[in-house]
1. Within the bounds of the range 45-59, is there any residue that is at pLDDT 80 or above, out of contact with any strand residue (DSSP E or B) (no Cβ under 7 Å at 6 or more places or on another chain), open to solvent by 70 Å² or more (accessible area, probe 1.4 Å) and not in a helix (DSSP H, G or I)?
2. Is it fair to say K89 is closer than 30 Å to D10 by Cα, at pLDDT 80 or above, part of a loop (DSSP other than H, G, I, E, B) and of a type outside the set (S, T, N, Q)?
3. In this structure, does F42 turn out to be at pLDDT below 95, open to solvent by less than 90 Å² (accessible area, probe 1.4 Å), under 30 Å from N30 (Cβ atoms) and hydrophobic (A, V, I, L, M, F, W, C)?
4. Looking at the range 62-75, is at least one residue part of a helix (DSSP H, G or I), open to solvent by less than 50 Å² (accessible area, probe 1.4 Å) and of a type in the set (D, E, K, R)?
Amino acid sequence: MTPRNKLIADIYRSMGLIEKYGSGIKRIINYCSEAGLPKPNFQNQSNGFLVKIYGKKTENVIENVIENVVENVAENEKKIVEFIRSNPKYSAKQMSGLLGLTQKTVQRYLKELQYKNIIKRIGPANGGYWQINKKKA
């Protein structure tokens, strides 16, 4: 294969960025093959060519994301109930630090646990405590 612009190609060759003219396409194909990727698509264009490299196909991405989110929610809710069991006076802010989540996220979990009738807030937001419903938890 001959270069489209010999001057530029010579500069790249003298810098050691290309070994010989036309070897790049073979290397791209080999790299993709070694990485388990589909064969790239090469298209001629007016002033050069376009190379499309495709990533690996990810099947069931939506299902995997939903499954992971559901597992994380269940695990986080379980941890919150355990925190409340160990100290009913924990605040959302304290639990957020323990869980590594934002306070707003922990508050959302607490509301959901209240909606499911697993926990109940006794007293005011400041100075009150959490109570676990024995039948649900």
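The values are calculated or read from the model by the stated rules, or taken from the named source; none is laboratory data. Worth saying up front: this structure is predicted, and the values here are computed from it rather than measured. So basically every Cβ, Gly included, is an ideal-geometry build from the backbone, and we count neighbours across all protein chains shown. Quick note on the areas: whole protein, heavy atoms, side chains included, nothing else; ligands and nucleic acids left out. Shrake-Rupley method; radii C 1.70, N 1.55, O 1.52, S 1.80 Å.
1. Yes: the range 45-59 contains one or more residues that are at pLDDT 80 or above, out of contact with any strand residue (DSSP E or B) (no Cβ under 7 Å at 6 or more places or on another chain), open to solvent by 70 Å² or more (accessible area, probe 1.4 Å) and not in a helix (DSSP H, G or I).
2. Against the criterion (closer than 30 Å to D10 by Cα, at pLDDT 80 or above, part of a loop (DSSP other than H, G, I, E, B) and of a type outside the set (S, T, N, Q)), K89 does not qualify.
3. Details: at pLDDT below 95: yes; open to solvent by less than 90 Å² (accessible area, probe 1.4 Å): yes; under 30 Å from N30 (Cβ atoms): yes; hydrophobic (A, V, I, L, M, F, W, C): yes.
For F42, the condition - at pLDDT below 95, open to solvent by less than 90 Å² (accessible area, probe 1.4 Å), under 30 Å from N30 (Cβ atoms) and hydrophobic (A, V, I, L, M, F, W, C) - is met.
4. no
Okay, residues lined up against (1) in contact with a His (Cβ under 7 Å, 6 or more places away or on another chain); (2) open to solvent by less than 50 Å² (accessible area, probe 1.4 Å); (3) touching a residue at least 24 places away in the same chain (Cβ under 8 Å); (4) over 14 Å from V73 (Cα atoms):
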site	(1), (2), (3), (4)
G97	no, no, no, yes
K111	no, no, no, no
Y115	no, no, no, yes
R121	no, no, no, yes
N126	no, no, no, yes
N133	no, yes, no, yes
